[in-house]
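J.: Sharing a structure here in C-alpha cells format.
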Amino acid sequence: MTTPAASTSPVRYLYDLADGDASMRSLLGGKGSNLAEMTRLGIPVPDGFTVSTAACIATMKAGGTWPESLWDETLAALDRLEQRTGRTLGSPDRPLLLSVRSGAVFSMPGMMDTILNLGISDETVDALGAESDNPRFAWDSYRRFIQMYGDVVEGVPAYAYEDALSAMKRQRGVEQDTDLTTKDLKELVEQFKAVSREHMGTELPSDPKDQLRRSIGAVFDSWLTPRAGVYRRAHGIPDDLGTAVNVMQMVFGNRGDTSATGVCFTRNPSTGARELYGEFLLNAQGEDVVAGIRTPRPLAEMEETLPQAFGELVATMERLEQHYGDMQDIEFTVEEGTLYLLQTRTGKRTAPAAFKVARDLVEEGVITREQALRRIEPAQLDQLLHPAIDPDHGQSPITRGLNASPGAAVGEIVFDADTAEERGKAGDAVVLVRWETTPDDIAGVIVAQGVLTTHGGMTSHAAVVARGMGKPCVAGAAGIKIDTAAKQVTVGDLVLEEGDVITLDGTTGEVYAGALELVPPQVNEDFEAVVGWADDVRRMSVRANADTGEDAAKAREFGAEGIGLCRTEHMFMAEDRLPAVRRMILADDETERHAALETILPMQQEDFQAIFTAMSGLPVTIRLLDPPLHEFLPDLVEQSLTVQRLELQGGSEEQLKHERHLLAQVKKLTEMNPMLGTRGVRLALLYPEIPQMQVRAIARAAFAVKDAGGEPVVEIMVPLVGYAEELRRMRELVEETLAEEFQTAGHRFDYTVGTMIELPRAAVVAEQIAEHADFFSFGTNDLTQTGIGISRDDAEGSFLAAYVDSDVLPDNPFATIDVEGVGGLVRLGVEGGRAAKPDLKLGVCGEHGGDPASIGFFESLGMSYVSCSPYRVPIARFSAARAVLDGQG
Ligand code: PEP
Ligand code: MG
C-alpha cells in the first residue's frame, strides 16, 4: 500500500484519476485503479477521483467515523474536478452531476452500492433540461436519483418508490417507464419526495455536498451488508479489505437515440472464442443493462446504429486486452455519439473459456505459459471435470433460454433464494428458478445446482455470478411464466410445481422436465495443453488413490504417475467376496480361517493383477487391510432382530445356530470407538494370517504381470502405525512371506515396505518409525481426526458446518489441511523421517492430496508426491505447478 509522505496530512485518502495507475489496486480498488490506468493511456473516461480503501478501512475501524482529513480532501478533490470540467455541483448554471460507485480490490459484481445522478435537484434540473434540450430526460434523471439515493443512502425501501411508479403508469394507462411524459415525471418527483419524507420522518437532504458525503458513507457501509459478506466468504475474499469509492462526472447513455450504454467482453466469456461479445441498450442508463430490466441488443447491431462509437469501442477493446494481457469485461456509455469507458476489469469466465483464453493468449504471444498457469484457478479445472448431459438423451426441451453458464444441473425447482439456501444446505439438489436474480439471492445461488431465469441477458446478474462460480445457468427463458405465489411455473400447457425435478443445460440453454442422464466430463485439448504446461513446472509427482484396475486405468489417463493408495478393504466388501470374508472372520479355528483365506487369495490376486497391469512401470502402493473386522459383518441391531425373529417364528435349528454364532461374533467385534479400535496394523498383528494372505496375493499378482510382459513396481504399506515396534514386526512378516513366495516361484522382484503416518504418536516418533520404513505416506484423514480429535464420520454432518459458517474455522479441516495444527504434525513427521533417512520418500494420500490449498503446503514441506482420487489428478498436477510458482513469489 502506498503511503505518501505529505507533511501536512500523514495519510492521503483520495486520488484524482489522473494520479493513479493499475498498480495501485489495493488502495484504489479494481475499478478505481483501472479507471486511472485508462486515463493514463488516454482512453476516454469521465473525469473524477477515488476515495481509497484505506479511508474505508479507517472508517470501519472507527465504528463509522470518517478520518479527520477525509472530508476536506473530498472537498478539495471536488473543487479540482469542478475546475477541470468547468461545472459546479449544485449550481443552476452548468451543474456538475456525479456518479458514486463502489470498487473493491476484488470484483464483487452487484454486491455493493452505487448512486447515480448526484447533483440533480430542484435548482439544477431545469438547467440540465435546457442544456440537453430534453427536459424529459432531466426529470427522469431526477426521479432516478431520488429513487437510488433514498434506497441506498437513506434506507427508504425500494418497493415504496416502485409502488409509486407502478401506480403512476397504471393511472396513465402505459406499460413502459419511457411512456411517461415530462409532466408525469415532475409529478413523480414530488411523489418520490413525499415517499422519502414518509419513511425518513424528515426531508431528503437537499444540499448536494451533503448528499455526496452521505453517499460515500453509504458505499463504505455497503461493504458490510450480509450479501457482500456471503459473496466474500464464497470467494475467499478477506473481510478487512474495505472498498474504494469512485466519484466521477456523470455521462448519460439516456440522452436520446445517439446515446447508449452497454457491456462487452473482449472474448466470449462462455467459450473463450475471440469474437465480438456484448450487449447494449439505446437511450438507457448503465444500471438498466446489468440489472436486466430491459432486454438488451447484441453488440454487433451497434455497428449500424452508432457506427463511429462502435468503431472506437472495438479498437479500445483490442487495445485494453493487449495492454492487460487478458480478456477484459468492459462497461461503456455513448453520450450523444461520444464513447466513454466506465470500467474495465478482468473478465469472469467459465472454466472452458479460461483454458481456451489462456492457451490462445500464449499462442498469440501475449503472455507466457507461466503467466497462463497463474491465471487459472484450480477450481476451474474442477468445473471442467464435472458431468454433462448425455447427448443421446432423445428428449425435447420444454423451453430454451440463453446459454449463460455451461454445465448440467439436475434438481428440484425452488422459487426463492431462502428456500434454495435451506434445502441446498440440507443436501438437497435444487434449481433456483427466478424472474431474475438479484445480489440478495447470492446465498441461494451458491448452494443451488443451477439457476434458471426468465429475464435478463448474458450479462445479467444471474449470468455473471453463475459463470464466476462455474454454476450452470440458463437466463432469459422468456417462454416460461413464474407464479411465485402459487409456486408454479407454466410452459405452454405444462405446469411444474415447486419440488418437481428439472434439468438445465447451461451449455445449450435448454431446459428439460425431469432428471436427464448425465455423462462423465470430457476434458478437451485446451485443458490437456494447460495441464501439460503444469507438468513441466511442478516438482512433486502426482499419484492416484484407486482400488480397481478400471480406476487405475482412468487415473493413468488423467496423468497419474502411480497409485499412492490402494485400499484393499474395498476388495473385501465386494458382494461376491463377502461370504468368504465372513467365513474367515467367523472361523472357529485356524484351519477354518486358512481355508476361507485360501478362497479370498485368488480374488485379491486378480484385483492386484489388474492394477499392476494398468499401472505397469509405475509404483503401486498397496495398503494392507485397515478397517475393523466388524465392518464386514451385519449391523449389531439388525443381527439381534434376525435372531429374535427366528426364535419367535421358529427357524431350523441349524439356521438359528448360524445366526446366533454370527450375533455372538458381531457382539465380540463391535467396539465403542471402532475408528480408534482394532484396525490397521493392530488387526494385522492380531490375525497375521490376513496380511500374510494379502502379501501372497501381491507377490503372485506381480509375478503373473511380469510373466505377461508387464512391469509391476510394488510398494507395501502398513496402516495406522503408532509404534516403531508395530512396523518392525509387520515388516518382518511381509519379508518372510515374500521370501517364501520368491522361493516357491524361483525368482524375485524388488519391493519396498513403508507405513502410513496417520496418528499423532507416529508423527512424534517418526524418527524411530523411519528405521523400519522405506517410505512414509501421510494419511491426513486420520491424522486430522486424531490430531484435532474430531470424528471423521460424524463431524461434517454436525457442528463442523456451523463452525465454518460462523468463522470459528476458516475451512473444513477434512477438505483443506489445518496447517497450524495437523500441518504441524505432518511437519514433525517429515522432519523425524528425514532425521533418520535424509532421502526418505514422503507422500500424502489423505483427501488433502487433491486439494489445491493443501497441495501448496505439501510443496512447502518438500513432499515427494501427493495422491488423490482419479478425477482430481489433473487438479493436483496443476496445483502442484501453481505451488511451485507461488513459492517463487
Ligand atoms: C487417511 O487416513 O488419510 C487415509 C488415506 O486412510 P483412510 O482414509 O483409508 O483411513
Ligand atoms: Mg487412514
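J.: Please get the size of the charge dipole for the stretch 298-365, origin at its Cα centre, with Cβ charges of +1 on Lys and Arg and -1 on Asp and Glu, quoted in debye to the nearest 20.
T.: Roughly 440 debye for the stretch 298-365.
J.: Moving on to the next point. Would you tell me the accessible area of TYR340, worked out with a 1.4 angstrom probe on the heavy atoms of the protein chains, in Å² to the nearest 10?
T.: 50
J.: Just to confirm the filter: which GluC sites (Glu not before Pro) across the stretch 62-121 are DSSP coil and have at most 14 other Cβ within 10 angstrom of their Cβ?
T.: When the GluC sites (Glu not before Pro) of the stretch 62-121 are filtered for loop state and at most 14 Cβ neighbours within 10 Å, GLU68 remain.
J.: Give the span of the stretch 5-249's Cα atoms along each principal axis, as three whole-Å numbers ordered largest to smallest.
T.: 58, 41, 33
J.: Regarding the stretch 667-782, what's the average projected area of the Cα-atom convex hull, expressed in nm²?
T.: The number I arrive at for the stretch 667-782 is 8.2 nm².
J.: Equivalent-ellipsoid semi-axes (√(5λ), Cα gyration tensor) for the stretch 738-889, whole Å, largest first? Please report the intermediate quantities before stating the final value.
T.: Working: eigenvalues 180, 67, 53 Å².
One finds semi-axes of 30, 18, 16 Å for the stretch 738-889.
J.: Related question: On a straight-distance basis, which lysines could pair with LYS186 in a cross-link, Cα separation under 22 angstrom, same-chain partners fewer than 8 positions away excluded?
T.: Partners found: LYS169.
J.: Carbon and sulfur together cover what percent of the accessible area of the chain at a 1.4 Å probe radius?
T.: The nonpolar share, carbon plus sulfur, comes to 49 percent.
J.: For the stretch 655-727, which GluC sites (Glu not before Pro) are both in a DSSP coil and crowded by at most 15 other Cβ atoms within 10 Å?
T.: Qualifying residues, ordered by number: GLU671.
J.: Ratio of alpha-carbon Rg to the 2.2 N^0.38 Å globular estimate for the stretch 560-703, to two decimals, please.
T.: Normalised Rg, Cα atoms only: 1.18.
J.: Going 7 Å from the Cα of TYR723 along its beta-carbon direction, which residues of the stretch 766-782 have the amide nitrogen within less than 18 Å of the resulting point?
T.: 766-773
J.: Something else about it: No solvent, one uniform scatterer per C-alpha: report log10 I(q)/I(0) for the stretch 192-283 via the Debye equation at q = 0.11 1/Å, two decimals.
T.: -0.65
J.: Would you mind computing Rg(Cα) / (2.2 N^0.38 Å) for the stretch 21-132, counting N as its residues?
T.: 1.17
J.: A further question on this structure: What does the extension gain come out to for ALA76 and GLU162, with contour length at 0.36 nm per residue minus their alpha carbon separation?
T.: My answer for the length gained is 27.3 nm.
J.: Note down, for the stretch 260-346, the three equivalent ellipsoid semi-axes (square root of 5 times each alpha carbon gyration tensor eigenvalue), biggest first, whole angstrom.
T.: The equivalent ellipsoid of the stretch 260-346 has semi-axes of 19, 14, 12 Å.
J.: Please report, to two decimal places, log10 I(q)/I(0) for the stretch 386-519 at q = 0.09, 0.12, 0.21 Å⁻¹ as given by the Debye formula with identical point scatterers on the Cα atoms and no solvent.
T.: With no solvent term, the Cα-only Debye profile gives -0.20, -0.36, -1.23.
J.: Just report the Cα centroid separation between the stretch 410-448 and the stretch 181-217, whole Å.
T.: Centre-to-centre distance over Cα atoms comes out at 35 Å.
J.: If I model a spin label as a point 7 Å beyond the Cα along the Cα-Cβ vector, how far apart are those points for VAL11 and HIS661 in nm?
T.: 7.9
J.: Longer than 31 Å from Cα to Cα, which of LYS31/LYS209; LYS425/LYS667; LYS183/LYS209; LYS554/LYS837; LYS61/LYS425; LYS31/LYS183 are they? Say none if no pair is. If you can, show how the numbers build up before the last one.
T.: On the way: LYS31/LYS209 23 Å; LYS425/LYS667 37 Å; LYS183/LYS209 28 Å; LYS554/LYS837 34 Å; LYS61/LYS425 33 Å; LYS31/LYS183 37 Å.
Table pairs above 31 Å Cα-Cα are LYS425/LYS667; LYS554/LYS837; LYS61/LYS425; LYS31/LYS183.
J.: While we're on this one: Counting only heavy atoms of protein chains, what accessible area per residue, in Å², does the chain have with a probe of 1.4 Å? Walk me through the numbers on the way to the answer.
T.: Details: 36440 Å² over 889 residues.
That works out to 41 Å² for each residue.
J.: Under Stokes-Einstein, with the Kirkwood radius over Cα pairs standing in for Rh, what whole-number D in µm²/s applies to the chain at 25 °C and 0.890 mPa s?
T.: Rounded, D is 79 µm²/s.
J.: With only alpha-carbon atoms counted, please give the Rg and Dmax of the stretch 721-813, in Å.
T.: Expressed in Å, the Cα Rg and Dmax of the stretch 721-813 come to 18.8, 63.
J.: Using Cα centres only, tell me the gap between the stretch 458-520 and the stretch 524-546 in whole Å.
T.: So the separation of the two Cα centres works out to 35 Å.
J.: Please give the Cα centre distance for the stretch 30-75 versus the stretch 821-857, rounded to the nearest Å.
T.: 45
J.: Sticking with this one: In debye to the nearest 20, how big a dipole does the stretch 467-590 give about its Cα centre with +1 on each Lys and Arg Cβ and -1 on each Asp and Glu Cβ?
T.: The calculated dipole for the stretch 467-590 is roughly 440 debye.
J.: Give me the one-decimal nm value for the distance between modelled label points at LYS706 and VAL491, 7 Å along each residue's Cα-to-Cβ direction.
T.: About 6.1 nm separates the two model spin labels.
J.: Using 0.36 nm per residue, how much length does the chain from SER652 to ASP122 gain when fully extended, once their Cα-Cα distance is taken away?
T.: This chain segment gains 181.0 nm when fully extended.
The values are calculated or read from the model by the stated rules, or taken from the named source; none is laboratory data. This is a predicted model, so every value here is computed, not measured. Neighbour counts run over all protein chains shown; Cβ positions are idealised from the backbone, glycine included. All accessible areas refer to the heavy atoms of the entire protein, side chains included, with ligands and DNA or RNA removed. Shrake-Rupley method; radii C 1.70, N 1.55, O 1.52, S 1.80 Å.
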